[in-house]
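Here the structure comes first, spelled out in structure tokens, and everything after it is commentary.
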Amino acid sequence: MASSILSDCSSARLLPLSRTLLPPLPHRLRPSPALAFPRRLFVASPAQLLSRPRRMDSVLAAGSSADSATVSADTSSKVIDGKLVAKQIREEIAVEIARMKDAIGVVPGLAVILVGSRKDSQTYVRNKKKACEAVGIKSYEVNLPEDSSEEEVIKHIASFNSDPSVHGILVQLPLPRHMNDENILNAVSIEKDVDGFHPLNIGRLAMQGRDPFFVPCTPKGCMELLRRYGVEVKGKRAVVIGRSNIVGMPAALLLQKANATVSIVHSQTKNPEEITRQADIVIAAVGVANLVRGNWIKPGAAIIDVGINPVDDPESPRGYRLVGDVCYEEASKVAGAITPVPGGVGPMTIAMLLSNTLESAKRIHKFK
């Protein structure tokens, strides 16, 4: 049984998770001995930590070359380079969009509705717009004040639903507290739900023999990384850490559709480290820095780290750096392949959003 005290695997300590902290907005190997890190940070069990996930999708695309340099190069695992794969995907999308435009004169269109003035959300939308421009997708944007009503937001959604030049609609989350996310997300046409959050899309994802119109972008990006790096999923044991509607739950469904045997580790799981240690594939998506230790990892396993968490780092110009849910320094000495943070899953999220928008335009216009 794991100790109830988890020590930070880096020399940094966790910062308070406040909005002001975040940047504005995104083989088989022999196991190595566990590293000794005397500094202790948390007095909590893994299950207690797992009960404190936080939504990080608005900063998934964050990161810089300076951050990437903080990832140790002295590791044994194969690095799953999300930045490289995302770049390849964007290039492929640009070619397809040009072909579609030449053949039928249609350019995919993506509409984003932003409510309020959160800096991270504004930056995420701005990055999305730049990504659209880079591949040839036409971008539409609606900015509404914080005190807007649900009816106003739904009115704009209805307008985009009926606009033939718009093939994808994204409502930027989180919404203001007085709004009901479910009501607003349900108003998006299932055929334009490029975020993949509509309950009918999730329902189809969960059913055998059915396919959703769209898969949520971050889980889709995780699966694409596994595919492009040749990680076999069929028949393998997979563990998803976290069960959010945004990442954990759809990631587990996707792994199951790919014929993996899937377990979900969450806040009520007993001995999560023992369950995780059995996995050939681990997707960590809980939002707790360095939760998954090296001794949680099966030798040679593939690790997809969705977490992006700020930790105090006085040597960084910003005073902090970003780390994942997996202790990279430990896990990289045991795993067969692992995503860095940043530079792993983060860049894939917007790439998958662009991919979903292209898929929507092709489907609507019956373009092969």
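The values are calculated or read from the model by the stated rules, or taken from the named source; none is laboratory data. Model, not experiment: these values are computed from the prediction. Here the Cβ is made from the backbone with ideal geometry for all residues, glycine too, and neighbour counts use every protein chain on show. The area values use the complete protein model at the heavy-atom level, side chains included, leaving out ligands, DNA and RNA. Shrake-Rupley method; radii C 1.70, N 1.55, O 1.52, S 1.80 Å.
Structure above, values below:
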| quantity | calculated |
| --- | --- |
| Residue list for segment 161-203, restricted to those being out of contact with any helix residue (DSSP H, G or I) (no Cβ under 9 Å at 6 or more places or on another chain) and basic (Lys, Arg) | Arg177 |
| Set Ala351, Ala289, Ala361: member being at pLDDT 95 or above, in a loop (DSSP other than H, G, I, E, B) and either within 17 Å of the chain's Cα centre (by Cα) or not β-branched (Val, Ile, Thr) (or both) | Ala289 |
| Subset tally (residues that are exposed (fewer than 13 other Cβ atoms within 10 Å of the Cβ) and either in contact with a strand residue (DSSP E or B) (Cβ under 9 Å, 6 or more places away or on another chain) or not in a helix (DSSP H, G or I) (or both)) for segment 80-102 | 0 |
| Condition broken by Ala158, with the remaining ones in (1) in contact with a strand residue (DSSP E or B) (Cβ under 9 Å, 6 or more places away or on another chain); (2) surrounded by fewer than 16 Cβ atoms within 10 Å (Cβ to Cβ); (3) within 21 Å of Leu353 (Cα to Cα) satisfied | (1) |
| Among (1) over 20 Å from Ser355 (Cα atoms); (2) open to solvent by 30 Å² or more (accessible area, probe 1.4 Å); (3) β-branched (Val, Ile, Thr), the one test that Val107 misses | (1) |
| Unmet requirement for Val262, which otherwise passes all of (1) touching a Lys or Arg at 6+ places or on another chain (Cβ under 9 Å); (2) of a type in the set (A, V, I, L, M); (3) modelled with pLDDT under 95 | (3) |
| Top-ranked residue in segment 103-138 [being small (Gly, Ala, Ser) and under 22 Å from the mean Cα position of the chain (by Cα); ranked as modelled with the lowest pLDDT] | Ser121 |
